[in-house]
Structures are given as structure tokens and as C-alpha cells.
1. Using the Karplus curve 6.51 cos²θ - 1.76 cosθ + 1.60 with θ = phi - 60°, work out ³J(HN,Hα) for each residue of the range 32-44 in order, rounded to whole Hz, and write x for Gly and Pro.
2. What list of ³J(HN,Hα) values in whole Hz, one per residue of the range 12-27 in order, does the Karplus curve 6.51 cos²θ - 1.76 cosθ + 1.60 (θ = phi - 60°) give from phi, with Gly and Pro shown as x?
3. Expected output is a single nm value to one decimal: the length gained when fully extending between residue 18 and residue 58, i.e. 0.36 nm times separation in residues minus the C-alpha distance. What is it?
4. 7 Å from Cα along Cα→Cβ at both residue 44 and residue 26: what's the point-to-point distance in nm?
Amino acid sequence: MLIHRRLTHRMSPMLRYVKFLHWFLQEQREEVASMAELLTIVERGRENLLHVEEYLSRSAGGENVLEAGAPPAAGGAL
């Protein structure tokens, strides 16, 4: 039991790092997907970019700025 607690205590910073890395990579994949979708939309509407602007303004409603799965800010409370 004591060995398990010590090992868990030593692994705690590493586990936080792994969680952060997992979150960061997930965010990067989402950004790449978003930009690929945006590129597709712009390429389809290249004849009239006003249609692209109108579509984007309709589809961007109500998104939460703060990410639900984001790790706490550096120096923040856990």
C-alpha cells in the first residue's frame, strides 16, 4: 500500500502532463478539421464570397469561448 501511494505520488505530475498533452493534441485535430472545412466552404463559394460570409455568420452562432475540457490555467487552482 505504501509503495502504491509513493508511486502514485511520483506519477502525478506525469499524469497531468499526459492529460494536458492528450487535450492539446485533441484541440489541434479539431483545429485542422475546422480549417479543412473552412477551406472547402471558401473553395465552393469562390465566385461570390458574400455567400461564404453569410453562411459563416449563420453557422457560427452561440459557441462557448471557454473550452469545457481545457486544463486549468498555469498557476490556477486545481
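Taken together, the values in this text are just the output of simple stated rules run on the coordinates, not laboratory data. All figures in this text were calculated on a predicted structure; none of them were measured in a lab. Neighbour counts run over all protein chains shown; Cβ positions are idealised from the backbone, glycine included.
1. 4, 5, 4, 5, 5, 5, 4, 4, 4, 5, 5, 5, 5
2. 3, x, 5, 5, 5, 5, 5, 4, 4, 4, 4, 4, 4, 5, 4, 5
3. Taking 0.36 nm per residue and subtracting the Cα distance, the gain is 10.7 nm.
4. Here the answer is 2.8 nm between the modelled labels.
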